[in-house]
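Peer 1: Below you will find the structure I want to go over with you.
No lab work stands behind these numbers, since they all come straight from the coordinates. None of the values given here were measured: they were computed from a predicted structure. Glycine also receives a Cβ, built like all others from the backbone with ideal geometry; neighbour counts cover every protein chain displayed.
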Amino acid sequence: MIDKKAASQLKATIWIGKNGVTEQTYEEIRRQIKDRGMVKIKWLRSVEVDPTGIAAACGVELVQTRGRTMVLARRR
């Protein structure tokens, strides 16, 4: 089971800006998951983001979503 307390204490290392989710965003998520095992992502209010879709596209697990923040982790 993924430790949600550890997830909430992470600093956001990926920001999704006005261009939305791009192929470079997916690549960076995959790279950081490989290196760290868990990544926190924030996005702008003006951008539509589907956390479940991003997790599925990257082949990772969606740990939690709060407001405009999500935490993704490597599948166990």
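Peer 1: Give me the three principal axis extents of the chain from the C-alpha atoms, as integers in angstrom, largest value leading.
Peer 2: That works out to 32, 22, 19 Å along the principal axes.
Peer 1: Here's another thing I want to ask about it. Once you keep just the Cα pairs under 8 angstrom separated by 6 or more residues, what percentage relative contact order results for the chain?
Peer 2: For the chain, the relative contact order is 33 percent.
Peer 1: Still on this structure, I have one more. In straight Cα distance, which lysines are under 27 Å from Lys18, not counting same-chain residues fewer than 8 positions off?
Peer 2: Lys34, Lys40, Lys42
Peer 1: So which trypsin sites (Lys or Arg not before Pro) in segment 7-64 are both in a DSSP loop and have at most 12 other Cβ atoms within 10 Å of their Cβ?
Peer 2: The qualifying sites are Lys11, Lys18, Arg45.
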